[in-house]
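To start, the structure under review is shown below, and the notes come after it.
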C-alpha cells in the first residue's frame, strides 16, 4: 500500500489510543486493514503502552553497559511504576539494550528531540541556511529544505529516534513501547551519560628530534 489516509489513521488512533505515527505504521504493515492494524498494535504492545504513558513512573533502575575493550561505558536511568517490575527480567533486559544503544551511537546526546535546547536548533538552522547548495534558491524553497534537514539532524541527536541496533525495523521508542506493553506499566528512559576513555584529556606531543638536538647541544 503506497499511502495511508489521514482518516484511517485518526480512526485507528481513536480506537486504540496509540500514537499517530504508530497507527500509520500499523496500517502500512497491514495494507490499510483497520482490524489487522489493531491486532498489529496489540502484538507490539503499543496500544496498551500508550494508555499507560500518562501514569507516573517514579521507580526504575540505573543500568550500565561497558563495551568490549572497556573504552566506552554508559550509565542510563530508566523509570517504571513499581520496584517489582524494575527488578524483572523484561525491564532489566530493556535497560541493558538501551544502554548498549547509547554506546553504539556516539552522535546521540539527548533522549528525545523535545529535549534539544532551542539554541542548538537555532545553531543548526544557521549552519544549514549558509550552505552553498542553497545559494540562489527562492526563500520559501530554502526554508522548506532547511526544515527537512534540521528535522533529520535533530533525530540523529535523539536516542529514541534511532533504529534499534538489534532490530533495525523498529526505533528505540518503539522498542520501549513494546516492552512497556508486555510489562503492563509506563516505562520511560529518563537520562544517560556516556563515557569515552581519554575524552577531554590533552596529551602533549613530544618532538623527539628537537629533544635529541637539545640534549646533544646541551
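Only the coordinates and a few stated rules stand behind these numbers; no lab work does. Computed from a predicted model, the values in this text were never measured in an experiment. Don't worry about glycine lacking a Cβ; one is built from the backbone with ideal geometry, like all the others, and counts go over all protein chains shown.
Each residue, residue 10 and residue 59, gets one label point 7 Å from its Cα in the Cβ direction; the gap between the two is 4.0 nm.
Here the Gaussian network model covers the chain, with springs between Cα atoms less than 10 Å apart; of 120, 201, 150, 201 fluctuates the most.
Which length gain, in nm to one decimal place, applies between residue 152 and residue 140 when the Cα-Cα distance is subtracted from 0.36 nm times their residue separation? It would help to have the intermediate numbers written out before the result.
Details: separation 12, 0.36 × 12 = 4.32 nm, distance 1.88 nm.
Taking residue 152 through residue 140 to full extension adds about 2.4 nm, to one decimal.
Rounded if a/c is under 1.5, else prolate if a/b beats b/c, else oblate: with a ≥ b ≥ c from the C-alpha gyration tensor eigenvalues square-rooted, which is the range 61-130? Because a/c hits 1.5 or more and a/b fails to exceed b/c, the range 61-130 counts as oblate. Averaging over all projection directions, the Cα-based convex hull of the chain occupies 19.6 nm² in the image plane. Beta bridges from DSSP with both residues in the chain: antiparallel share about 95 percent, rounded to the nearest 5.
Let's test the formula: R0 of 22 Å, r as the Cβ-Cβ distance of residue 3 and residue 104. What FRET efficiency results, to the nearest 0.05? Display every interim value, and only then the final one.
Working: r = 33 Å, r/R0 = 1.50.
After rounding, the FRET efficiency stands at 0.10.
Across the chain, Cα pairs under 8 Å and at least six residues apart give a relative contact order of 24 percent.
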